[in-house]
Amino acid sequence: MRQEVEASFQEAKKLYERHGIDVEAVLEKLAAIKISMHCWQGDDVRGFLNRDQELTGGIAVTGNYPGAARTPDELRQDLEKALSLIPGKHKVNLHAIYADTDEKVELDQLAPRHFEKWVDWAKEHGLGLDFNPTCFSHEKSEDGFTLSHPDPSIRRFWIDHCKASRRIGAYFGEQLGQTCVTNVWIPDGYKDIPVDRMAPRQRLKESLDEIFQEELDPAFNLDAVESKVFGLGSESYVVGSHEFYMGYGVQNGKVICLDAGHFHPTETISGKLSSLALFSKGILLHVSRPVRWDSDHVVILDDELLEIARELIRHDLLGMTHIGLDFFDGSINRIAAWVIGMRNTQKALLRAMLEPTDYLRQAELEGDYTTRLALMEEFKSYPFGAVWDMFCARHHVPVREEWLAEVKRYERDVLTIRGQQKSAVSPS
């Protein structure tokens, strides 16, 4: 297989070099990109703090595929398996409910010590960690409001939780030497048409102002805010809209999160990147795949993913953009879902890097739209797959679909047995 991969790579390399594309430099650049892999795909967004709490906030996971992680150790074991099949070194994105502790602790009382095992594990594997306060699936969010809640005591609970989350994020960054992005998303909104759209947003602004009042070293923690257009239970009004958070982020120097599924069904985020990059401190991407609504399907190599990657590469936005995944599917093997999504995101970036961007840009400036269209179409069938295969081989991960056999073995030896067990036990 290695000889076949090498031969195909050399032929592909010659084709790309005819257009001045340095394939070796491209592979080096791709290897430096860290994608943040979301932990919540592994256990259907259950977490470990309030595991018996019903999912709320418009979050729903379909399917009951055997072997979902039930303990922090099981989740880390599954993450390790997935990461072993993905080329490069990456990050893992945690939600607050994934604290690994024997203490009975509420969200507003979380502290770095409740995540020490995660930090030790990340150090062992050379990973970074990102973080999110969990403002859903809690008795204090059951009526659909958190940071914009009209009750000051409930609002106080969520403010304190977000403050604690920022400190945990800074702890991650300090301990691991990789900046943690701590992202705030809330589900607040109304199912039906509200009378007062302003007051909840005023309360949200005041809550955020207090949350971000404590100055933290940006080398350790970066704050991000995430919008949504609608959701289950908030079809008519979402407090934290795109316009709200775009304004807040620009005004207050916060990273602005764009989730591919958090806009109108026919709206894409790729076209927003060049505008946002001109005014924002940074961009956080939650790469997902909506199907008619924010249903968080596993990321595939579709047109929008390719266009997102092209925007990042063509405009040199990687330095200010943090790429993370956000989907959850319990209807298929959860490790496979991670691997498919991560590898596809890397493939999209690779394809964008293997385009003759400078030449295409010059043709566009000269008004030669014929050449622009012709080359853009021809490069769609260039052999980027041969370059991808070599990238995988050099990083000692399975080439092409070979990774699926590894996942099937893991399913047989670990997940099936786990699914048959009645109680959760940590793997030895």
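Test of understanding: among SER137, SER148, SER153, SER165, which residue is within 27 Å of LEU232 (Cα to Cα), in a helix (DSSP H, G or I), hydroxyl-bearing (Ser, Thr, Tyr) and in contact (Cβ under 8 Å) with a residue 40 or more places away in the chain?
Values: SER137 fails: in a helix (DSSP H, G or I); SER148 fails: in a helix (DSSP H, G or I); SER153 fails: in contact (Cβ under 8 Å) with a residue 40 or more places away in the chain.
One residue alone meets the criteria, SER165.
Taking the stated definitions as given, is TYR190 touching a residue at least 40 places away in the same chain (Cβ under 8 Å) and hydroxyl-bearing (Ser, Thr, Tyr)? Outline the logic, then answer.
Numbers: touching a residue at least 40 places away in the same chain (Cβ under 8 Å): yes; hydroxyl-bearing (Ser, Thr, Tyr): yes.
Answer is yes for this residue.
What residue, among those in the stretch 247-270 that are in contact (Cβ under 8 Å) with a residue 40 or more places away in the chain and in a helix (DSSP H, G or I), is surrounded by the most Cβ atoms within 10 Å (Cβ to Cβ)?
Applying the filter and picking the extreme gives TYR248.
So which residues in the stretch 217-254 are of a type in the set (A, V, I, L, M) and more than 19 Å from HIS95 (Cβ to Cβ), if there are any at all?
Residues of the stretch 217-254 of a type in the set (A, V, I, L, M): 219, 222, 224-225, 229, 232, 238-239, 246, 250.
Once the filter is applied, which keeps residues that are of a type in the set (A, V, I, L, M) and more than 19 Å from HIS95 (Cβ to Cβ), the stretch 217-254 yields ALA219, VAL229, VAL238, VAL239, MET246, VAL250.
Looking only at the stretch 294-333, filter to residues that are in contact (Cβ under 8 Å) with a residue 60 or more places away in the chain and touching an Asp or Glu at 6+ places or on another chain (Cβ under 7 Å); which one of those is surrounded by the fewest Cβ atoms within 10 Å (Cβ to Cβ)?
Of everything passing the filter in the stretch 294-333, GLY330 is surrounded by the fewest Cβ atoms within 10 Å (Cβ to Cβ).
I need the full set of residues from the stretch 211-234 which are closer than 24 Å to VAL287 by Cβ and in a loop (DSSP other than H, G, I, E, B), in order please. It would help to see each step written out before you state the result.
Taking the stretch 211-234 first, the residues closer than 24 Å to VAL287 by Cβ are 218, 221-232, 234.
Passing the criteria: PRO218, SER227, LYS228, VAL229, PHE230, GLY231, LEU232, SER234.
Hey, does the stretch 90-107 have a residue that's touching a residue at least 60 places away in the same chain (Cβ under 8 Å) and farther than 30 Å from LEU27 by Cα? Explain how you work it out, then say what you get.
Our first condition is that a residue be touching a residue at least 60 places away in the same chain (Cβ under 8 Å); within the stretch 90-107, this holds for 90-91, 93, 96.
Keeping just the survivors that are farther than 30 Å from LEU27 by Cα gives 96.
Within the stretch 90-107 (the criterion being touching a residue at least 60 places away in the same chain (Cβ under 8 Å) and farther than 30 Å from LEU27 by Cα), the answer is yes, since at least one residue qualifies.
Can you spot a residue in the stretch 337-355 that is over 30 Å from ARG418 (Cα atoms) and among the small types (Gly, Ala, Ser)? Give the derivation first.
Looking only at the stretch 337-355, we keep the residues that are over 30 Å from ARG418 (Cα atoms), and these are 346-355.
Adding the requirement that they be among the small types (Gly, Ala, Ser) leaves 348, 352.
Checked the stretch 337-355: at least one residue is over 30 Å from ARG418 (Cα atoms) and among the small types (Gly, Ala, Ser).
Find the residue count for the stretch 176-233, including only residues that are surrounded by 14 or more Cβ atoms within 10 Å (Cβ to Cβ), over 17 Å from ALA96 (Cβ atoms) and of a type in the set (S, T, N, Q).
3
So is ALA277 at pLDDT 95 or above, part of a helix (DSSP H, G or I), surrounded by 14 or more Cβ atoms within 10 Å (Cβ to Cβ) and more than 15 Å from the chain's Cα centre (by Cα) or not?
Numbers: at pLDDT 95 or above: yes; part of a helix (DSSP H, G or I): yes; surrounded by 14 or more Cβ atoms within 10 Å (Cβ to Cβ): yes; more than 15 Å from the chain's Cα centre (by Cα): yes.
Yes: the conditions hold for ALA277.
If you check every pair at least six apart or on different chains, which have Cβ atoms under 6 Å apart with a residue in the stretch 116-130 that is without any contact (Cβ under 8 Å) to a residue 40 or more places away in the chain first and a residue that is surrounded by 15 or more Cβ atoms within 10 Å (Cβ to Cβ) and assigned to a helix (DSSP H, G or I) second?
Once the first residue is without any contact (Cβ under 8 Å) to a residue 40 or more places away in the chain and sits in the stretch 116-130, no partner that is surrounded by 15 or more Cβ atoms within 10 Å (Cβ to Cβ) and assigned to a helix (DSSP H, G or I) comes close enough.
Could you name every one of the helices (runs of 4 or more DSSP H) located completely within the stretch 373-428 that has at least 2 residues being at pLDDT below 95 and either in contact with a helix residue (DSSP H, G or I) (Cβ under 6 Å, 6 or more places away or on another chain) or surrounded by 12 or more Cβ atoms within 10 Å (Cβ to Cβ) (or both)?
416-420
When the residues of the stretch 15-48 are filtered to those that are closer than 19 Å to ASN183 by Cα and of a type in the set (A, V, I, L, M), which remaining residue is modelled with the lowest pLDDT? It would help to see each step written out before you state the result.
Residues of the stretch 15-48 that are closer than 19 Å to ASN183 by Cα, as a first pass: 34-41, 45-47.
From what's left, of a type in the set (A, V, I, L, M): 35, 37, 45.
Working: ILE35: 98, MET37: 98, VAL45: 92.
Out of the qualifying residues, it is VAL45.
So that you can scan it fast, the table gives a plain yes or no per residue for (1) closer than 25 Å to ALA348 by Cα; (2) of a type outside the set (Gly, Ala, Ser):
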{"site": "PHE9", "(1), (2)": "yes, yes"}
{"site": "VAL45", "(1), (2)": "no, yes"}
{"site": "PHE48", "(1), (2)": "no, yes"}
{"site": "GLY57", "(1), (2)": "no, no"}
{"site": "GLY67", "(1), (2)": "no, no"}
{"site": "ASP78", "(1), (2)": "yes, yes"}
{"site": "SER84", "(1), (2)": "yes, no"}
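Tell me, yes or no, whether the stretch 354-362 has at least one residue that is under 26 Å from the mean Cα position of the chain (by Cα) and either assigned to a helix (DSSP H, G or I) or at pLDDT 95 or above (or both). Give the steps one after another, and end with the answer.
Of the residues in the stretch 354-362, the ones under 26 Å from the mean Cα position of the chain (by Cα) are 354-355.
Remaining after also requiring either assigned to a helix (DSSP H, G or I) or at pLDDT 95 or above (or both): 354-355.
Yes: one or more hits.
Might you check whether a residue that is surrounded by fewer than 23 Cβ atoms within 10 Å (Cβ to Cβ), more than 22 Å from the chain's Cα centre (by Cα) and within 30 Å of ILE417 (Cβ to Cβ) occurs anywhere in the stretch 144-153?
No, every residue in the stretch 144-153 fails to be surrounded by fewer than 23 Cβ atoms within 10 Å (Cβ to Cβ), more than 22 Å from the chain's Cα centre (by Cα) and within 30 Å of ILE417 (Cβ to Cβ).
Can you tell which of SER331, SER295 is more than 14 Å from the chain's Cα centre (by Cα), more than 19 Å from CYS39 (Cβ to Cβ), in a loop (DSSP other than H, G, I, E, B) and among the polar types (S, T, N, Q)?
Numbers: SER331 fails: more than 19 Å from CYS39 (Cβ to Cβ).
None of the other options fit; the residue is SER295.
The rows are residues; the columns are (1) free of Cβ contacts under 8 Å to residues at least 60 places away in the same chain; (2) among the hydroxyl-bearing types (Ser, Thr, Tyr); (3) closer than 23 Å to LEU325 by Cα.
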site: VAL339; (1), (2), (3): no, no, yes
site: ALA352; (1), (2), (3): yes, no, yes
site: GLU366; (1), (2), (3): yes, no, no
site: LEU373; (1), (2), (3): yes, no, no
site: SER381; (1), (2), (3): yes, yes, no
site: THR416; (1), (2), (3): no, yes, no
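The values are calculated or read from the model by the stated rules, or taken from the named source; none is laboratory data. As the structure is a prediction and not an experimental result, all values here were calculated from the model. Virtual Cβ from ideal backbone geometry, glycine too; neighbours counted across all protein chains shown.
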